[in-house]
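Undergrad: Below is one structure. I have some questions about it.
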Amino acid sequence: MRFYLNNYRALHHILGLIMFFIALYFVFDFKEEITTSLPFQILILFLSYFTTEYSLKKSGLKKQVEEEIDKLKNKKDQP
């Protein structure tokens, strides 16, 4: 649990990027663009980053993770 709390943003960004690639590769059939077009790949990174940031912001996950980390610190500090 502590690993997730410390790395939740990175994990969500990785999963979001994987979902973008899977959707574009298999569902929308952008196989050629994904493998050869650098501007298209950069666009995917850009869209994936901001989509993930927006979803983390709207879900309130950052605040909840900070509260959980504080709880764990307080629990650890008590004898």
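Undergrad: Report yes if some residue within segment 59-70 is at positive phi and either touching an Asp or Glu at 6+ places or on another chain (Cβ under 7 Å) or not charged (D, E, K, R) (or both); otherwise report no. First the steps, then the outcome.
TA: Just the residues of segment 59-70 that are at positive phi, to begin with: 60.
Right, trim to either touching an Asp or Glu at 6+ places or on another chain (Cβ under 7 Å) or not charged (D, E, K, R) (or both) and you get 60.
Within segment 59-70 (the criterion being at positive phi and either touching an Asp or Glu at 6+ places or on another chain (Cβ under 7 Å) or not charged (D, E, K, R) (or both)), the answer is yes, since at least one residue qualifies.
Results for (1) surrounded by 12 or more Cβ atoms within 10 Å (Cβ to Cβ); (2) at pLDDT below 95; (3) among the aromatic types (Phe, Trp, Tyr); (4) touching a strand residue (DSSP E or B) at 6+ places or on another chain (Cβ under 8 Å), shown as yes or no for each residue.
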| residue | (1), (2), (3), (4) |
| --- | --- |
| 1 | no, yes, no, no |
| 19 | yes, yes, no, no |
| 22 | no, yes, no, no |
| 25 | yes, yes, yes, no |
| 38 | no, yes, no, no |
| 43 | yes, yes, no, no |
| 47 | yes, yes, no, no |
| 57 | no, yes, no, no |
| 61 | yes, yes, no, no |
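The values are calculated or read from the model by the stated rules, or taken from the named source; none is laboratory data. Quick caveat: nothing in here was measured; it's all calculated off a predicted structure. No Cβ is skipped: glycine too gets one built from the backbone with ideal geometry, and neighbour counts run over all protein chains shown.
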